[in-house]
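Remarks on the structure that follows.
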Amino acid sequence: MEFCILACLYFMLPAYLANMAPVVMKNSFNKLKIPLDFNIKFGKDTIFGKNKTFRGLIFGIVFGVITAFIQSLLYNFEGIKIISFLDYSNWLLLGFLMGLGAIIGDLIESFFKRRFNIKSGKPFIPFDQLDFMIGAMVFVYPVFQLNLNQVITLLVLSFFLHILVNHIAFYLKIRKEKW
């Protein structure tokens, strides 16, 4: 069981880091702080909200690709091969798909959050914790298909890890919300 958990977490690192990229980069590259929906309204609210920007999209993908590239370099070590689901020879595609999938998953969640009149920064549990992971799993499917045990493991782990990481970021004053 421990092996499965570690292997799942290692495999999804590009998605985890892609999901963190918008928060990490929030004070950088301000010229890219353009809302992806260009503030176009769908009903009374914007499509995604002002916090879903081109900066977040670009850096989500960049973080995913860089992470997959580092995984491809680490694959030469026997300990990493043991916990790897694949050989990372296609790291660029893997990183791109996971990064893009994580951000698209978050965008879809934001779209529905706005439709349910849940304000930006307010909790939408369990979707806040799982949106990016589901998006990454869907987008990476052409490269690698996770089995049901791996999917369940990742969803449960990601739910609790997301809460833990966000609490830590909140107390370090990196995030404004605990969730």
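The values are calculated or read from the model by the stated rules, or taken from the named source; none is laboratory data. Note that this is a predicted model, so its numbers are computed, not measured. FYI the Cβ positions are ideal-geometry reconstructions off the backbone, even for glycines, and counts take in every protein chain you see.
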Residue that is over 20 Å from LEU161 (Cβ atoms), touching a residue at least 60 places away in the same chain (Cβ under 8 Å) and either among the aliphatic types (A, V, I, L, M) or touching a Phe, Trp or Tyr at 6+ places or on another chain (Cβ under 6 Å) (or both), where the choices are LEU94, LEU57, LEU73: LEU94
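Confirm whether LEU100 is hydrophobic (A, V, I, L, M, F, W, C), modelled with pLDDT of 95 or more and buried (at least 17 other Cβ atoms within 10 Å of the Cβ).
Considered against the rule, which asks whether it is hydrophobic (A, V, I, L, M, F, W, C), modelled with pLDDT of 95 or more and buried (at least 17 other Cβ atoms within 10 Å of the Cβ), LEU100 comes out as yes.
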Assess whether ASN149 counts as being more than 18 Å from GLY64 (Cβ to Cβ) and either among the small types (Gly, Ala, Ser) or without any contact (Cβ under 8 Å) to a residue 40 or more places away in the chain (or both). no
Taking region 143-175 and keeping only residues that are more than 20 Å from LEU107 (Cβ to Cβ) and not in a helix (DSSP H, G or I), one is left with VAL143, PHE144, GLN145, LEU146, ASN147, LEU172, LYS173, ILE174
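Listed here are the residues, each with its yes/no results for (1) out of contact with any Pro (no Cβ under 9 Å at 6 or more places or on another chain); (2) surrounded by 15 or more Cβ atoms within 10 Å (Cβ to Cβ).
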{"site": "ASP106", "(1), (2)": "no, yes"}
{"site": "SER110", "(1), (2)": "yes, yes"}
{"site": "ASP128", "(1), (2)": "yes, yes"}
{"site": "ILE168", "(1), (2)": "yes, no"}
{"site": "ARG175", "(1), (2)": "yes, yes"}
Residue satisfying condition, being part of a loop (DSSP other than H, G, I, E, B) and closer than 21 Å to ILE58 by Cα, within set SER89, SER84, SER110, SER120: SER120
Selected residue [over 25 Å from VAL156 (Cα atoms), in contact with a helix residue (DSSP H, G or I) (Cβ under 9 Å, 6 or more places away or on another chain) and either aliphatic (A, V, I, L, M) or surrounded by fewer than 13 Cβ atoms within 10 Å (Cβ to Cβ) (or both)] from SER72, SER28: SER28
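Given the condition on the phi > 0 side of the Ramachandran plot, among the hydroxyl-bearing types (Ser, Thr, Tyr) and crowded, with 17+ Cβ neighbours inside 10 Å, answer yes or no: does some residue in region 53-69 qualify?
Kept after step one, since they are on the phi > 0 side of the Ramachandran plot, are these residues of region 53-69: none.
No, because not a single residue in region 53-69 is on the phi > 0 side of the Ramachandran plot, among the hydroxyl-bearing types (Ser, Thr, Tyr) and crowded, with 17+ Cβ neighbours inside 10 Å.
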Failed item, numbered, when PHE170 is tested on (1) in contact with a helix residue (DSSP H, G or I) (Cβ under 6 Å, 6 or more places away or on another chain); (2) farther than 22 Å from LEU6 by Cβ: (1)
